[in-house]
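Student: Input: one structure, supplied below.
The values are calculated or read from the model by the stated rules, or taken from the named source; none is laboratory data. Values in this document were obtained by computation on a predicted structure and should not be read as measured data. Here the Cβ positions follow ideal geometry from the backbone for every residue, glycine too, while neighbour counts run over all protein chains shown. Note: accessible area is taken over every heavy atom of the protein model, side chains too, but ligands, DNA and RNA are not part of it. Shrake-Rupley method; radii C 1.70, N 1.55, O 1.52, S 1.80 Å.
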Amino acid sequence: MTTTTLDERIAKPRLLDRLVVRPEIGALLGAVVVFLFFTVVTDQFFSGSGVATWLDDASTLGIMAVAVSLLMIGGEFDLSAGVMTASTALVTATLATQAGWNVWLALFASLVFALAVGAFNGWLVMRTGLPSFIVTLGTFLALQGLNLGVTRLVTGTVQVSGMRSTDGYESAGFVFASTVDIGGTAFQISIVWWIGFAVLAAWLLVRTRFGNWIFAVGGSAQSSRAVGVPVVRTKILLFMTTALAAWLVGSINILRFASVQANQGIGLEFQYIIAAVIGGCLLTGGFGSAIGAAIGALIFGMARQGIVFARWDSDWFMLFLGVMLLSAVLVNNAFRRRAERVRR
């Protein structure tokens, strides 16, 4: 009697092994824990209005976190992402309210501005070889000064308002700042933009050649270049994607609130990075998930609004951020090592 042993190379991987190779699995488990915790702690959290509130909180953060996750997988950072959301909103608002432009034309101009800044960031990083941390820190400071200086010069204050009386506001507001009624509860359209952006980014990352290039340049730019990957073009496009997301968030904000402060967005870039890290991205590049970043933003929204619903001191949210960041880094490293063993 003879026995045959299934070759390990063609054996079907176990469910656990298939799960641990997914960067977003840690974030998904964390989201479930946070959701169950606040559902038990407060009745309002899982109500229709409660769900709409924490999804709205997570939506604009999620759009930026998804774009930042692509950039981080590609091995780079963008510290100007937060202030860029204010810059694009200020360009739109200034042209529409002060120069009398149609809102759609002002939105197009602010989009061109955002893409130009993103392309400049990417070009400068690749041209000089300087760390993107340093280059985009410089852009962050420059945009911050530009926002304050130009706004004060044009309006005499640090705020631009009056969007609701501009030409084209209603149609643009319908696209970027309307609500969708589901079961008698109004959900912000920004949630739809967030989900759509995350799905598109996930498809791009795992189903296209460009997605392969992103993982390749993040893992090793030199090796990628040796096998024909267009490293410079890929990284410039990633910086432009982050700028595009900032334009989208800035457009949503200016059309929803009809005014913008010149110092808006400062400090949010760290929240984008934290959400991406919670979602499975490594700070070293080459590993991560767009869906994971979206889930990381969801955890932000649930925790921030859950604390409000529970009537706790909001200062506890910063403690939560610190614990989540450290936990995410440890979990991501553990999952990555397990995934590398599974793939061998």
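Student: If residue 264 satisfies all but one of (1) closer than 30 Å to residue 159 by Cβ; (2) modelled with pLDDT under 95; (3) part of a helix (DSSP H, G or I); (4) open to solvent by 30 Å² or more (accessible area, probe 1.4 Å), what's the number of the condition it fails?
Tutor: (3)
Student: Residue by residue through the range 182-201, note down the ones that are within 17 Å of residue 66 (Cα to Cα), surrounded by fewer than 19 Cβ atoms within 10 Å (Cβ to Cβ) and small (Gly, Ala, Ser).
Tutor: Residue satisfying the conditions is 196 alone.
Student: Next question, about the same structure. Keeping to the range 226-247, report how many residues are part of a helix (DSSP H, G or I) and in contact with a helix residue (DSSP H, G or I) (Cβ under 6 Å, 6 or more places away or on another chain). Break it down into steps so the answer makes sense when it comes.
Tutor: Quick first cut of the range 226-247, residues part of a helix (DSSP H, G or I) only: 226, 231-247.
Those left that are additionally in contact with a helix residue (DSSP H, G or I) (Cβ under 6 Å, 6 or more places away or on another chain): 231-232, 234-236, 238-243, 245-247.
The number of residues fulfilling the criteria is 14.
Student: Right, another one. Among the residues of the range 80-94, is there at least one that is buried (at least 24 other Cβ atoms within 10 Å of the Cβ) and not in a helix (DSSP H, G or I)?
Tutor: Yes, the conditions are met somewhere in the range 80-94.
Student: Need the failing condition index for residue 270 against (1) in a helix (DSSP H, G or I); (2) modelled with pLDDT of 90 or more; (3) surrounded by 16 or more Cβ atoms within 10 Å (Cβ to Cβ), just the number.
Tutor: (3)
Student: Let me ask another. Considering only residues that are open to solvent by 40 Å² or more (accessible area, probe 1.4 Å) and closer than 23 Å to residue 95 by Cα, which ones fall in the range 113-134? Reasoning before the result, please.
Tutor: Residues of the range 113-134 open to solvent by 40 Å² or more (accessible area, probe 1.4 Å): 113, 115-116, 120, 123-124, 126-131, 133-134.
Selection gives 113, 115, 116, 120.
Student: Another one. Restricting the search to the range 135-157, which residues are exposed (fewer than 14 other Cβ atoms within 10 Å of the Cβ) and of a type in the set (S, T, N, Q)?
Tutor: 157
Student: Filter the range 303-332 for residues that are under 16 Å from residue 54 (Cα atoms) and not hydrophobic (A, V, I, L, M, F, W, C); which is most open to solvent (accessible area, probe 1.4 Å)?
Tutor: Across the range 303-332, the extreme among qualifying residues is 311.
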